[in-house]
Amino acid sequence: MTAVLALCSCNSRFVENYPSLRLSQTSYWLDSGGGTFEFMVYYSSSWECRLETDSQDGEWIMLSRTGAEGQAYIRVTYEASEGFPRAACIVIAADNGDIETVSLNQKAE
């Protein structure tokens, strides 16, 4: 019984420690009608993110945060397309130099 408890305790620490930056998902196809979704950033220290879009109207998509300390969700809210497809990329950079990206593609109406 003691060995099982020690194994569970060790495993719990492993799950909470993320020495490398990881994301729950790295690519999304967005509905043309607009919406919201979330993805998780897994990392043990501080990280920042920025949004890059292919359109001059970058206000069609918004992020709930621009960084955090440790693991956190980022909520992405996007508006309906205006008859043409759009794309964006979320770049997430960790304080250890790791960089991950999330690719977003929105269908045309």
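The values are calculated or read from the model by the stated rules, or taken from the named source; none is laboratory data. All values reported here derive from a predicted model rather than from experimental measurement. Heads up, the Cβs are rebuilt from the backbone with ideal geometry, glycines too, and the neighbour counts pull from every protein chain shown.
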- Message: Anything in the range 26-45 that is modelled with pLDDT of 95 or more and of a type in the set (Asp, Glu)? List them, or say none.
- Response: Glu38
- Message: Just the residues that are assigned to a strand (DSSP E or B) and out of contact with any Ser or Thr (no Cβ under 6 Å at 6 or more places or on another chain), please, taken from the range 79-105.
- Response: Ala87, Ile90, Ile92, Ala93, Ala94, Ile99, Glu100, Thr101, Leu104, Asn105
